[in-house]
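What follows is a set of notes on a single structure, which appears directly below.
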Amino acid sequence: MRRNIDILTYAPILHSLIRNMLLSANFEIVHRNIACNLFPCYESISLRSVLPLTEEYIHTLADYLYQDIPDDGGCSSCVSISVTLQALLFANGVDAELIIGATKSDDKLFSHAWVRLPNGTDIDPSHERIGKTVLQRKTMLSAVCDWAEKVCESG
């Protein structure tokens, strides 16, 4: 079995690309496009000789992406980091949930995004999910299925 390429090497580049995509287009479209483009990787995981991502490694990756980035206008956001984690997991055969939650305090709305693994483990290094009401749940597989259904309906 071949070794995995160290994801920490290219995760910041992928995060930068995903963040740019999210800033320049509609979230739903970007999420669907990422899912559809990674679907072949998701489906072929059993044919590829890659080691599965461990939960410990996923936490390490999340911590790495959440590290402070110099204030150069390219700061991270919980949504772009969560979509990046979800995309990396999906490409490695894991259909994790992207969860978006919010809470209201002093007439202000505070939102946060995090990833939930199929076993129920939340990946959220900042722990800001605590106290948030879940507003939306998205998986990449459901995005692909929704896209396929719309394509089939349109003929």
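The values are calculated or read from the model by the stated rules, or taken from the named source; none is laboratory data. In this text, all values refer to a predicted model and were calculated from it rather than measured experimentally. Every residue, glycine as well, gets a Cβ built from its backbone with ideal geometry; the counts of neighbours run over all protein chains shown.
General observations
- Gly120 fulfils the conditions (1) touching a Phe, Trp or Tyr at 6+ places or on another chain (Cβ under 8 Å); (2) small (Gly, Ala, Ser); (3) under 19 Å from Pro52 (Cβ atoms) except for a single criterion, (1).
- Only residues that are surrounded by 12 or more Cβ atoms within 10 Å (Cβ to Cβ), of a type outside the set (A, V, I, L, M) and over 26 Å from Gln67 (Cα atoms) were counted in the stretch 118-152, giving 4.
- Exactly one residue among Leu51, Leu65 is buried (at least 18 other Cβ atoms within 10 Å of the Cβ), more than 11 Å from the chain's Cα centre (by Cα) and within 20 Å of Leu8 (Cβ to Cβ), and that residue is Leu65.
- Checklist (1) of a type outside the set (S, T, N, Q); (2) touching a residue at least 40 places away in the same chain (Cβ under 8 Å); (3) over 23 Å from Glu28 (Cβ atoms) applied to Gly120, failing item: (2)
- Matching residues in the stretch 104-132 - criterion: being under 16 Å from Val79 (Cα atoms) and not hydrophobic (A, V, I, L, M, F, W, C): Ser111, His112, Arg116, Asp122, Asp124, Pro125, Ser126, His127, Glu128, Arg129, Lys132
- Conditions (1) touching a strand residue (DSSP E or B) at 6+ places or on another chain (Cβ under 6 Å); (2) at pLDDT below 95; number of the one not met by Ala96: (2)
- Scope the stretch 31-62; condition in contact (Cβ under 8 Å) with a residue 60 or more places away in the chain and in contact with a helix residue (DSSP H, G or I) (Cβ under 8 Å, 6 or more places away or on another chain); matching residues: His31, Arg32, Ile34, Ala35, Cys36, Leu38, Phe39, Tyr42, Ile58, Ala62
- Where helices (runs of 4 or more DSSP H) fall wholly inside the stretch 1-89, the ranges with 1 or more residues that are of a type in the set (S, T, N, Q) and either at pLDDT below 90 or closer than 24 Å to Arg129 by Cβ (or both) are 7-24, 55-66.
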